[in-house]
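Down below is the structure, laid out as structure tokens.
The values are calculated or read from the model by the stated rules, or taken from the named source; none is laboratory data. These figures come from a predicted structure and were not determined experimentally. Quick reminder, even Gly has a Cβ in these numbers, built from the backbone with ideal geometry, and neighbours come from all protein chains shown.
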Amino acid sequence: MKVVILCGGQGTRLREETEYRPKPMVEVGGRPILWHIMKLYAHYGFKEFILCLGYRGHLIKDYFLNYEAMSNDFTISLGRDHEITYHGGHTEQDFKVTLVDTGQDNMTGSRIKQVERYIDTDEFMVTYGDGLSDVNILKLLDFHRSQGRLATLTTVYPTSRFGQVVTNEEHEVTEFIEKPQVSSLVSAGFFVFSKEVFSYLSLDKDCILEQQPLELLSQDRQLSAYKHDGFFYAMDTYREYLHLNNLWEINQTPWTVWKNEPPITTPVTEQANVIV
């Protein structure tokens, strides 16, 4: 099953890091946040990715085209008999990555519609290239199938940016709550779609997945919500970038399930395939 990752936005609220690179290439713990997202899906056995590129998409292409050299020791023979021998092996051996230029200014719905030709199964997954989570992808998929609807999105209770002050009737402060969870659910991405969802999307550059397509799916009673009670954190601002990297520094990384649990499936091939 293919995993579509939206990588085309400009990340204007994270301009300190995205001035010269796309947001999915902003690093957490020395690796692009995109890599972390792909590792989550791969842990559950989903290793075929379609990346919807836009803003500075050539940098994402360069990253994968040079992945073998940058991830391994290697010996290179120069001259006419040019040859490279890689030593050792990274753990992404069997990833298959399709990189698709979906336009500089296209919105999310348009980007997904443009990769329809690469979806060859009845179901596929979609998520954003800037959100980390420990969501169990297999449980999400099982939930989607049990609902019998065309689309499922993952919901979370977001954490407030502000601490909460609790007072009593005498206006006395009784408690401080540091960044409590907000009571309303929000979408975290991590979608599962049946292929019929493409009929709700348009190639029009202004087609926004989160607006008319999802609203129509909801009106048609074809949209389910999978509630995730675990970790989720989106990197929208520089402050959030610093927070995620701080979590990495203090080794509090609940999204790195591939480090804490055995993989669900472990097929290994000789080399990752990259289609540009």
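In segment 56-143, counting only helices (runs of 4 or more DSSP H) that sit wholly within it, the ones holding 1 or more residues that are at pLDDT below 95, farther than 30 Å from residue 230 by Cα and touching a His at 6+ places or on another chain (Cβ under 7 Å) span 67-71.
What do you reckon, is residue 13 part of a helix (DSSP H, G or I), surrounded by fewer than 21 Cβ atoms within 10 Å (Cβ to Cβ), at pLDDT below 95 and among the charged types (D, E, K, R)? It is true that residue 13 is part of a helix (DSSP H, G or I), surrounded by fewer than 21 Cβ atoms within 10 Å (Cβ to Cβ), at pLDDT below 95 and among the charged types (D, E, K, R).
For segment 104-131, taking the residues that are buried (at least 22 other Cβ atoms within 10 Å of the Cβ) and aliphatic (A, V, I, L, M), the one that is farthest from residue 51 (Cα to Cα) is identified as 107. Checking the stated criteria, residue 206 turns out not to satisfy the condition of being assigned to a loop (DSSP other than H, G, I, E, B) and at pLDDT below 95.
For segment 95-118, the criterion of being free of Cβ contacts under 8 Å to residues at least 40 places away in the same chain and over 30 Å from residue 243 (Cα atoms) is satisfied by at least one residue.
Rundown of residues vs (1) within 17 Å of the chain's Cα centre (by Cα); (2) not in a loop (DSSP other than H, G, I, E, B), yes/no style:
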| residue | (1), (2) |
| --- | --- |
| 193 | yes, yes |
| 198 | no, yes |
| 210 | yes, no |
| 216 | no, yes |
| 230 | yes, no |
| 233 | yes, yes |
| 246 | no, yes |
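Note on segment 1-59: residues that are of a type in the set (A, V, I, L, M), touching a Leu at 6+ places or on another chain (Cβ under 8 Å) and without any contact (Cβ under 8 Å) to a residue 40 or more places away in the chain amount to 1. Taking every residue in segment 194-221 that is over 18 Å from residue 149 (Cβ atoms) and pairing it with any residue that is at pLDDT below 95 and among the basic types (Lys, Arg), at least 6 positions away or on another chain, yields no pair with a Cβ-Cβ distance below 7 Å.
The residue that is modelled with the highest pLDDT, among those in segment 239-268 that are among the polar types (S, T, N, Q), out of contact with any Phe, Trp or Tyr (no Cβ under 9 Å at 6 or more places or on another chain) and over 25 Å from residue 11 (Cβ atoms), is 251.
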